[in-house]
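Taken together, the values in this text are just the output of simple stated rules run on the coordinates, not laboratory data. Just so we're clear, the structure is a prediction, and the values are computed from it rather than from any experiment. We place every Cβ from the backbone using ideal geometry, glycine too, and count neighbours over all the protein chains shown.
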Amino acid sequence: MNNNVLYELDSRYISDVLKLRFTPANAVMAEDVYLYDIEEKKYLDMSAGWAVMNLGYSNKTVAEAIKKQIETLSFAGVISCVSKESIELAQKICGLLPGDFEKKVWYGHSGSDANEFVAKMIPYATGRPAILTFEGSYHGQTLGAYAMSGHPSLTAFAKDSSANPKLPYPDYYRDGAGMTPEEYDIKCLDYIENGFFKDKFDPYKVGAIVVEAVQSDGGDIPAGNTFLRGLEKICRKYGMYLIFDEVKIGMGRTGDMFGFEESGVIPDVVIIGKSIGAGLPLSIVAGRSEIMDCATGLHLFTTSGSPVVCAGASAMIDELTGNNIPENARNMGTCLKTELNRLKERCSYIGDVRGRGLLIGTELINNPKDRIPATELAAKVVYRAYELGMICYYTGPASNVIEFTPPLILNEKQAYDAVSILEQAINDAVMGKVPDDKLKNFSGWA
């Protein structure tokens, strides 16, 4: 079997509703930061499966923990059975979070059902109907998570309503001209309190504000620490809960265990997903016990928190903390951003390089004067990078930000290789080496 046959079988049997395809890439084997397709071609994976494989592929410690658990106890449903593995993982998660208050965890399968927990339980727990989120945010694929999201790809089923108003997310590159980053943060905070709350929405109807410390699918935009601290003050002033969606950026990716840590704020609730399961389906909501215990049996799933996924997640956390992997993410992120900024100096199609740790966005524009998003170019760059042996995707409301979220074990040579491939992919795309017909089946976020 070859790549073409495998792709044709996928087209024949796998629902398009499930797909977000940028290339015909396939994988039959993986190791460390590399994927191998059915023809044994090697790819540098700068996506890590949308930031799922933080430890890279085939981590022996995690694999052994999962294997041992399957052989010992493959299933015990946490909704009706006490499980040692689920308790041990919950203790580790609660121990990682700041705040001098009692914490508990809830288990699910994905970032979507974890955000659905928030959509359902915050109004129930607070008696306030609204949850504030941000334009460009991506919180998941279930209806409540859809409604919370502000990403344009998620508006087909959930329009804005009075229960899910959206705030502008601070985008310094596009909106901060003439100001320092701190001045811009203060301007954004001032709008929330003296514009939005005074003219548009009653703050006492808001149960929580949900924010991403780095808005990943919204274009890999870091929120300033001044902004996040100010947001915490606003929540305390009006009696709202402060919730961080760490599904994509958590578990070491930003250089800290969680993206909010650099700002020093203390969340009431943290939403965790993707990498926590080390490739297995697991999500976690962790937070104040009065929220986590506000009802019994109102958001549960039969296979949630299985001993196998909890054992794998516990091993993953031990590997992260025991081997200084967040520190490597911070160092390699600095290396990548330095090289990408050097590329920016010689490439007029790169408007901005931003991010934290190993979550980095490179925004492509048509020219430096108008900063019009280079959406078509981004699609061709991603496709050409695949042809050159690198997996990466694009994000952002205009689908023009090339995103790097590689495994956190990335080394310096691999970082240099990634930037080299990206440069060639941009040059080749500009020179017309990716014909339009190659992209006809790969609409990505469109």
* To do: Can you tell me how much longer the chain between residue 290 and residue 302 gets when fully stretched, taken as 0.36 nm per residue apart minus their C-alpha distance, in nm with one decimal?
  => 2.0 nm
* Within region 109-135, which residues have the backbone N less than 14 Å from the label spot 7 Å out from residue 201 along Cα→beta-carbon, could you tell me? => 119, 123, 128-135
* Would you mind putting 35-42, 359-366 in packing order, based on average other-beta-carbon counts within 10 Å, highest first? => 359-366, 35-42
* When the Cα centres of region 39-53 and region 181-208 are compared, how far apart do they sit, in Å? -> 40 Å
* Would you mind calculating the gained length between residue 443 and residue 29 on full extension (0.36 nm times residue separation, minus the Cα-Cα distance), in nm to one decimal? => 146.5 nm
* Grab the beta carbon distance between residue 166 and residue 58, set R0 = 45 Å, and tell me the FRET efficiency rounded to 0.05. => 0.65
* Asked: Which aspartates and glutamates have a Cα less than 19 Å from the Cα of residue 413, not counting those fewer than 8 places away in the same chain?
  -> 31, 32, 45, 327, 339, 403, 423
* Asked: Here are some pairs, 166/440; 248/337; 19/237; 200/380; which of them have Cα atoms lying more than 31 Å apart in this structure?
  -> 166/440; 19/237; 200/380
* Asked: Using a basic spin-label model with each label point 7 Å from the Cα along Cα→Cβ, how many nm lie between residue 104 and residue 229?
  -> 3.4 nm
* Asked: Taking the chain as a Gaussian network, where each spring joins two C-alpha atoms under 10 Å apart, which residue of 60, 120, 84 fluctuates the most?
  -> 60
* Asked: Among the lysines, which have Cα under 18 Å from the Cα of residue 60 when same-chain residues fewer than 8 positions away are ignored?
  -> 68
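Please compute, over every Cα-Cα pair in the chain, the percentage with a separation greater than 32 angstrom.
37 percent
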* Structure fact -> Per the rule of 0.36 nm per residue minus the C-alpha distance, extending residue 318 to residue 370 adds in nm 14.0 nm
* Using the Cα gyration tensor of region 73-322, with a ≥ b ≥ c the square roots of its eigenvalues, what is the shape: rounded (a/c below 1.5), prolate (a/b larger than b/c) or oblate (neither)? -> prolate
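Given an 8 Å cut-off on Cα distances and at least 6 residues of separation, report the relative contact order of region 73-322 as a percent.
Relative CO of region 73-322 lands at 29 percent.
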* To do: Using only Cα atoms, locate the centre of region 255-296 and the centre of region 378-425, then give the distance between them in Å, rounded to an integer.
  => 28 Å
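For 21, 236, 253, which order do you get if you count the other beta carbons within 10 Å of each Cβ and list the fewest first?
236, 21, 253
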* Structure fact -> Toy charge model, Lys and Arg Cβ at +1, Asp and Glu Cβ at -1: the chain dipole around Cα centroid in debye, rounded to 20, equals 460 debye
* Percentage relative contact order, the chain, counting C-alpha pairs under 8 Å, at least six apart -> 22 percent
* With point charges of +1 on the Cβ of Lys and Arg and -1 on the Cβ of Asp and Glu, referenced to the Cα centre of region 123-265, which listed residue (130, 260, 140) lies farthest in the positive direction of the dipole? -> 130
